[in-house]
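Okay, so here's the structure we're looking at.
The values are calculated or read from the model by the stated rules, or taken from the named source; none is laboratory data. Since we're looking at a predicted model, the values are computed, not measured. No Cβ is skipped: glycine too gets one built from the backbone with ideal geometry, and neighbour counts run over all protein chains shown. Heads up: the accessible areas ignore ligands, DNA and RNA and are worked out on the full protein's heavy atoms, side chains in. Shrake-Rupley method; radii C 1.70, N 1.55, O 1.52, S 1.80 Å.
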Amino acid sequence: MSEAIDAATTRPLRPARNWVLIIGALGMVSLMTWWSARGIGFSIIELACNLPGGRRLLVESWPPDWSFFPRLLGPLLETLQIAVIGTVIGGILAIPIAVLAARNLTPGFLVWFVDRNFMNILRTLPDLFWAMLFAAAVGFGPVAGALALTVFTIAVISKLWSESLEAIDMAVPEAVRAAGGSWLAMLQFGAIPQALPHYVSYTLYAFELNVRASMILGLVGAGGIGMVLETQRSTFEYPRVTLIVLSVLVLVLIIEQISESIRRRLI
Amino acid sequence: MNDKAAIRFKGAGVVYPNGAVGLAGIDLEIKPGEFVVVVGSSGAGKSTLLRSVNGLTPLTDGTITVGGQPVPKKEGRELRRLRAGVGMIFQDFRITRRLTVMTNVLVGRVAHVPGWRAMFNLWPAADREIAFKALERVGIADKAWVRAGDLSGGQQQRVGIARALAQEPAIILADEPVASLDPVTTHQIMRDLVRINEELGITTVVNLHFLDLARRYGQRIIGLRGGELVYDGTANSVTQEDFKNIYGRDPDAGDVLDEREAS
Ligand SMILES: Nc1ncnc2c1ncn2[C@@H]1O[C@H](COP(=O)(O)OP(=O)(O)O)[C@@H](O)[C@H]1O
Ligand SMILES: [Mg+2]
């Protein structure tokens, strides 16, 4: 008897919803949306009125100019090469940067602090910024693109992987230390093997991002297919633009499929 | 005998940063070649005692000398040199499951070869030979190229023992090496440790929870309670009363491995 009463009194009541918070948050979002739409002159009505213009563009862009394809092969290959170089160099440089930024592995607070902030700066600045910077430094072309993607790759991998490294089990690294191993031996035999599948996975992911990004980088003169896209667009060769967009789409999809299937097997 | 294998505690104490007492005022001398079993209930300080010998847990009080050399309080070359001669075996094996058995055993050689050789997997033939010998000694040389994670629990612990042996150590510290194993494997591993101690004369300190194992395999038994040394004597002379004192209560069925030996 008394047990039943006990159960009834200890079962907690469902807490009341905080309506003030819910309505307040919805109001905030609505207000910010309205303010932003006014600011940039975004209007549904105006969009609807401009639809015929958009239709004309689509009609002019179709069908794609297939005869242009042979001249795309070179730049497409260059795009791929820019992505490969950026991924490989960036992937290698990301290793020490990620290790030093992992709280459980870093040799000291100062190193950790400097490295963390360095990583944050790399990540905060967009890839287009790096492309323009390197274009100014080494001249317009694919080398500037590869350098920009190197920085971009470091930013992506080091952030993600340092978090994987922080999640490893420190028992084995301690055992390597107990056998007289140095900091490097502890990393090589105790820490890194645990997070190696993550590293491969993030590197493949960075490669996917890089193939996509190397198209945009061409727009600011950093080589590859993007540069062809920019010249064709500025001379209103829309059927050619369509072909370029389609080929990039296919290339990116193929690479994503391959990388996705490898990554699924890893983790 | 090799005096590198002597361990001497003088007023050794450990207070953890959170205020917990790990060890208090331990005076103890372990002679070269001895096989010592440390018993005590959970939290008695057994792990702390072992880990202070190779500096994984630094002392906050007193000193420990290994082969006459005080154990350094800070990480560095000195401490690495000391650790190179002290093998450690853990309850949870602590081998890298993703790497081969051979690579795991070669980790026992890292302190003996130049860093770049370990880094690029260019181990000298002599060191590979030592690793193979260590695997043969624990009877799993046929598994040398298998992924360590694919082995059974008992075999994984043998990899742990082989890694310690590959160090060619003067001392082996084993922290509850059989606590994750079934009774049959437990006896096999304990016999391995005794045999290695007899054949190679390596000073061996083993933490155990089970009383019957301590009595059967230990030469000398050390009892800890609340971080303090409360018993030190031969395995033959230890009484039920002594165990009661070490555990602070009557030993029960949970403190023995084989029920038929409980009485
Ligand atoms: N890393 C640590 N931080 C704080 N307290 C610890 C730590 N390790 C052990 N202790 C405490 O020290 C005491 C002894 O622990 P331990 O040596 O692990 O005992 P045992 O191995 O006999 O179970 C316990 O009270 C435990 O809670
Ligand atoms: Mg313990």
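Quick notes
- Of the set (1) away from every other protein chain (no Cβ under 14 Å); (2) within 15 Å of ligand 1 (Cβ to nearest atom); (3) open to solvent by 20 Å² or more (accessible area, probe 1.4 Å), all apply to residue B:198 but (2).
- Residues located in region B:113-137, provided they are under 22 Å from the mean Cα position of the chain (by Cα), surrounded by fewer than 23 Cβ atoms within 10 Å (Cβ to Cβ) and of a type in the set (A, V, I, L, M): B:130
- Hits in region B:44-58 (condition: open to solvent by 20 Å² or more (accessible area, probe 1.4 Å), of a type outside the set (Gly, Ala, Ser) and either more than 16 Å from ligand 2 (Cβ to nearest atom) or outside any loop (DSSP other than H, G, I, E, B) (or both)): B:51, B:58
- Here residue B:50 passes the criteria (1) more than 11 Å from chain A (Cβ to nearest Cβ); (2) within 22 Å of residue B:223 (Cβ to Cβ) except the one numbered (1).
- Summed over region A:167-209, the residues that are touching an Asp or Glu at 6+ places or on another chain (Cβ under 9 Å) and polar (S, T, N, Q) give a count of 1.
- Here residue B:179 clears all of (1) surrounded by fewer than 21 Cβ atoms within 10 Å (Cβ to Cβ); (2) within 15 Å of ligand 1 (Cβ to nearest atom); (3) modelled with pLDDT of 95 or more except the condition numbered (3).
- Candidates B:89, B:95: the one that is in a strand (DSSP E or B) and at the interface with chain A (Cβ under 10 Å from one of its Cβ atoms) is B:89.
- Residues in region B:59-86 that are more than 16 Å from ligand 1 (Cβ to nearest atom), in contact with a helix residue (DSSP H, G or I) (Cβ under 7 Å, 6 or more places away or on another chain), part of a strand (DSSP E or B) and touching a residue at least 24 places away in the same chain (Cβ under 8 Å): B:66, B:86.
- Test: residue in region A:176-187 that is part of a loop (DSSP other than H, G, I, E, B), open to solvent by less than 40 Å² (accessible area, probe 1.4 Å) and at positive phi: yes
- Tally of residues being open to solvent by 10 Å² or more (accessible area, probe 1.4 Å), within 16 Å of ligand 2 (Cβ to nearest atom) and either β-branched (Val, Ile, Thr) or in contact with a helix residue (DSSP H, G or I) (Cβ under 8 Å, 6 or more places away or on another chain) (or both) across region B:212-231: 1
- Qualifying residues in region B:24-43 (those that are buried (at least 23 other Cβ atoms within 10 Å of the Cβ) and either within 9 Å of ligand 1 (Cβ to nearest atom) or within 16 Å of the chain's Cα centre (by Cα) (or both)) - the one farthest from residue B:178 (Cα to Cα): B:40
- Contact map, region B:28-48: residues that are within 20 Å of residue B:234 (Cα to Cα) paired with residues that are open to solvent by 30 Å² or more (accessible area, probe 1.4 Å) and among the polar types (S, T, N, Q), Cβ distance under 9 Å, separation 6+ or inter-chain. Pairs shown: B:32/B:2; B:33/B:2; B:34/B:219; B:35/B:219; B:36/B:219; B:37/B:219.
- Filter result for residue B:104 (among the polar types (S, T, N, Q), open to solvent by less than 20 Å² (accessible area, probe 1.4 Å), over 14 Å from the mean Cα position of the chain (by Cα) and away from ligand 2 (no atom under 16 Å from the Cβ)): yes
- Per the listing B:234, B:204, the residue uniquely out of contact with any Asp or Glu (no Cβ under 6 Å at 6 or more places or on another chain), exposed (fewer than 15 other Cβ atoms within 10 Å of the Cβ) and among the hydroxyl-bearing types (Ser, Thr, Tyr) is B:234.
- For residue B:117, the conditions (1) part of a helix (DSSP H, G or I); (2) under 26 Å from residue B:219 (Cα atoms); (3) among the charged types (D, E, K, R) are fulfilled apart from (2).
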